[in-house]
Amino acid sequence: MNYKELNKRVLTSIILLPALIISIFSKGYYFNILLVVVLVIATYEWYIINKKSYIYFILGFFVIFSSLISAHFLRGGDFESQFFFLWLISIAFFSDTGGYVFGKFFGGKKLTKISPNKTVSGMIGSFIFSIFPILIIHFSGQIELINLNLVTLSIKTFFLSLFFSFICQMGDILVSYFKRKNNIKDAGNILPGHGGLLDRIDGLIFLLLFSSILNFLKII
C-alpha cells in the first residue's frame, strides 16, 4: 500500500470533513454557497474530461446540477433531515475509503477493465465500510438523545447502506469510463491524494440523485 498517498487522503479528509459538517448544520445560505462552489468546480472538471463531446458534457452537467439540487432538498431545514443527510454523505465517504484501503491492501482480481485500479477486494471493502456510519451512530448511544427516527440501526438501514454503497461504486465506475475514454487519469488536482473534486464526489453525485428519488417515493 502507498502510505504516502493514504496519508494525503486522510489529511485532506480531516480538513474538508469538519468544514462540510459545519456547512450542513449551519444556516442554509452557507450550505448553498458550498453547493454553488461545488457546481462550478465539478462542471469545469467534467468539461475537461468531455471537451471533445458537448453532448456528454451537457448530459453530465444536467446530472451534476440535479444532484446538487437534490442535496439542497435532502438537507432540508430541520435537524433530523440534516443528520440524515450527514449519514448519506458518510456512507459515500466510508464506501470510498473502504474501497481504497481494501483494494490497496489486498489487491487481487480486477473488477472491471473500465477502471484498472478497481478490484473485487476493493468492492467488498466498500460494502463493509458503508455499514460503519450506522454502527457508529448506534453504538455511540447518541441516537436516543437526539431522538431521530430516520437513522437507526435496523434491517432497512443496513441494506440501504449496502445499496447506497453500490450506487456510489457504479457512479465511480461510470465517471472512470469517461476518464479512460478520453485518456485522463484524474479530473483535476485540487484535492491532494484524491485528484480532482469530481474524483472524490463522483459516487456521491449518483447517491444523492437516487436518494432524492427514494425520498420522493417515501421509501426513506
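The values are calculated or read from the model by the stated rules, or taken from the named source; none is laboratory data. For clarity, every value in this text was computed on a predicted model and none was experimentally measured. For neighbour counting, all protein chains shown are included, and Cβ atoms are generated from backbone atoms with ideal geometry for every residue, glycine included.
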Take Ile89 and tell me if it is modelled with pLDDT of 90 or more and either crowded, with 18+ Cβ neighbours inside 10 Å or within 20 Å of the chain's Cα centre (by Cα) (or both).
yes
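Please find, among Ile69, Ile33, the residue that is closer than 24 Å to Phe216 by Cα and either in contact with a strand residue (DSSP E or B) (Cβ under 9 Å, 6 or more places away or on another chain) or β-branched (Val, Ile, Thr) (or both).
Checking each option against the conditions leaves just Ile69.
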With the condition being modelled with pLDDT of 85 or more, crowded, with 16+ Cβ neighbours inside 10 Å and in contact with a Phe, Trp or Tyr (Cβ under 6 Å, 6 or more places away or on another chain), I'd like the helices (runs of 4 or more DSSP H) fully within region 97-198 carrying at least 3 qualifying residues.
120-130, 155-181
One residue is enough: does region 4-13 have a residue meeting the conditions assigned to a helix (DSSP H, G or I), under 18 Å from the mean Cα position of the chain (by Cα) and under 26 Å from Leu153 (Cα atoms)?
yes
Test for Glu45: is it out of contact with any strand residue (DSSP E or B) (no Cβ under 8 Å at 6 or more places or on another chain) and either within 28 Å of Ile137 (Cβ to Cβ) or outside any helix (DSSP H, G or I) (or both):
no
Filtered residue count, region 51-84, keeping only those that are surrounded by 18 or more Cβ atoms within 10 Å (Cβ to Cβ) and of a type in the set (Ser, Thr, Tyr)
2
For Gly77, all conditions in the list (1) closer than 27 Å to Leu160 by Cα; (2) in a helix (DSSP H, G or I); (3) more than 16 Å from the chain's Cα centre (by Cα) hold save one; what is the number of the exception?
(2)
Search region 41-69 for residues that are under 19 Å from Lys181 (Cβ atoms) and pair each with any residue that is among the polar types (S, T, N, Q) and modelled with pLDDT of 95 or more when their beta-carbon atoms are under 6 Å apart and the residues are at least 6 apart or on different chains.
Phe61/Thr43
Which residue is surrounded by the most Cβ atoms within 10 Å (Cβ to Cβ), if the candidates are limited to region 35-50 and must be more than 18 Å from Leu16 (Cβ to Cβ) and touching a helix residue (DSSP H, G or I) at 6+ places or on another chain (Cβ under 7 Å)?
Trp46
Which residue, of Lys156, Lys109, Lys118, is under 21 Å from Phe206 (Cα atoms), free of Cβ contacts under 8 Å to residues at least 24 places away in the same chain and over 15 Å from the mean Cα position of the chain (by Cα)?
Lys156
Those residues that are in contact with a Leu (Cβ under 8 Å, 6 or more places away or on another chain) and of a type in the set (Val, Ile, Thr), I need them from region 186-204; list them, please.
Ile190
Here the qualifying pairs (Cβ atoms under 8 Å; residues six or more apart or on different chains; first in region 8-37 and more than 17 Å from Leu197 (Cβ to Cβ) and without any contact (Cβ under 8 Å) to a residue 12 or more places away in the chain; second among the hydroxyl-bearing types (Ser, Thr, Tyr) and in a helix (DSSP H, G or I)) come out as Ile22/Tyr30; Tyr30/Ser23
